[in-house]
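All remarks here apply to the structure that follows.
Bear in mind these aren't lab numbers, they're just calculated from the coordinates by the rules spelled out. Note that the coordinates shown come from a computational prediction; the quantities given were computed from them, not determined experimentally. Note that we place each Cβ from the backbone using ideal geometry, even for glycine, and neighbour counts take in every protein chain shown.
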Amino acid sequence: MALVKVGVTAPQFTTPIDDLDHFAKRAQHIGLDGIFCFDHLWPTDRPGGPALSGLAILGYLARVTSDIYLGTLVSRIGLLPDEVLVAELVNLANLAPARVLCGLGLGDRASEPERVHLGLDWFPLADRLASLETCARRLIDHDIEVWIGGSSRSVRDISRRLGCSLNLWSPSLDELDTQNSGQDLTWAGPISGPGKSDAHHCARELVDLANRGFSWAVWAWPSSLELVDQTLKLARHAIY
C-alpha cells in the first residue's frame, strides 16, 4: 500500500518571516507533499501571543516554492465575509496553479475566544453550514480542491454532496469507525504518545494512517523537519 501524502503545518507561531524561505526549501528538498497554515490569530496554547497570518504565509510560499502543495487547515467560515474568503483563496490558487488545497470548516469551541476578540457575531448553525457549502462550491467551480473539516453529520453530508475529502483532526478509533463511509478521508493533527519525537514511532503512525485508508496526513507541529525527514525515509522504505 502506498504511503499517504504527508504535509506539515508551517511554524507560523514561532518563526520570523525571514526563516520561512529556508523552511520551505527544506520541506521541498526532503520530499514533503504539502505545507499547511492555520487561520488562528494567536497560538492555540498562548492566547494573545504572536501569529503570522496563514494566508500571508501561503502567498509568500507560493512565490518561493514550485512543486509542493499549499493548503489552509482550515479557513473558518465567519472570520471573513464569504465573498472575501473565496476571493482570497482564488487569488492564492492563481499564485500557485494546481497546488492549492482549501480546507474549509466552521471552527470549534477552542477557537471561540478569537471570534469574541474580533467582535464577530456568531450566525446560526444552519446559516454557517449554508455558507460553508456555498463557499466550497464556488472554489470547486474554480477547479480548486476543497477539503471539508469536521466530524458532525451535517458537515459529513456537505462533503459527500460536493465530493470533497473530509478532513478529521486527530480522530479517535471510534470516530474512524463512524466516518468509514467510502469517501476520501484526510487526517491532521499531532503525532502523539511517548515516542512522538522518535522517527520509528512516527513512521509507524504514518503507515497506520495509510493502512486505514487516509489519503493525506498533515503533521501538526513536528519538532523539526529533520525528524520529518527521518520519518519519511523509514516509512517510504516500508520498514514497518
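Summing -39500 (n - 2.57) over the DSSP H runs of n ≥ 4 in the chain and dividing by its residue number, what mean residue ellipticity at 222 nm do you reach, to the nearest 500 deg cm²/dmol? Working shown, then result.
Numbers: 9 runs with 101 residues, N = 240.
Roughly -13000 deg cm²/dmol at 222 nm, from the helical runs in the chain.
Can you list the HN-Hα couplings for segment 200-215, worked out from phi with the Karplus curve (6.51, -1.76, 1.60; θ = phi - 60°), rounded to whole Hz and with x for Gly and Pro?
5, 4, 5, 5, 4, 5, 5, 5, 4, 5, 5, 5, 7, x, 6, 8
If contacts are Cα pairs under 8 angstrom and at least 6 residues apart, what is the relative contact order of the chain in percent?
Working: 380 pairs, mean separation 48.6, N = 240.
It rounds to 20 percent for the chain.
Given a Förster radius of 51 Å and the C-beta distance between D121 and R212 as r, what FRET efficiency does 1/(1 + (r/R0)^6) yield to the nearest 0.05? Can you show the working numbers first?
Working: r = 39 Å, r/R0 = 0.76.
So the FRET efficiency works out to roughly 0.85.
I need the calculated FRET efficiency for the pair H142 and H200, taking r as the beta carbon distance and R₀ as 45 Å, to the nearest 0.05. Write out the running numbers ahead of the final one.
On the way: r = 42 Å, r/R0 = 0.93.
So, using R0 = 45 Å, E works out to roughly 0.60.
Work out the FRET efficiency for A110 and R236 from their Cβ-Cβ distance, taking R0 = 30 Å, and round it to the nearest 0.05. Walk me through the numbers on the way to the answer.
Working: r = 33 Å, r/R0 = 1.11.
It comes out at approximately 0.35.
Find me the longest stretch of the chain that has none of the exposed trypsin sites (Lys or Arg not before Pro), where exposed means in a DSSP loop (not H, G, I, E or B) with at most 15 other Cβ atoms within 10 Å. Can you show the working numbers first?
Values: sites that count: K196, R212.
It works out to 1-195.
Would you order D229, D141, D39, D121 from fewest to most other beta-carbon atoms within 10 Å of each residue's own beta-carbon?
Working: D229 17, D141 10, D39 22, D121 6.
Arranged by neighbour count, lowest to highest, D229, D141, D39, D121 become D121, D141, D229, D39.
Positive end of the charge dipole of the chain (Lys, Arg +1 and Asp, Glu -1 on Cβ, about the Cα centre): tell me which of P113, G31, T14 has its Cα farthest that way.
G31
Once label points are set 7 Å from the Cα along Cα→Cβ at both V84 and I30, what is their separation, rounded to one decimal in nm?
Between V84 and I30, the label points sit 3.6 nm apart.
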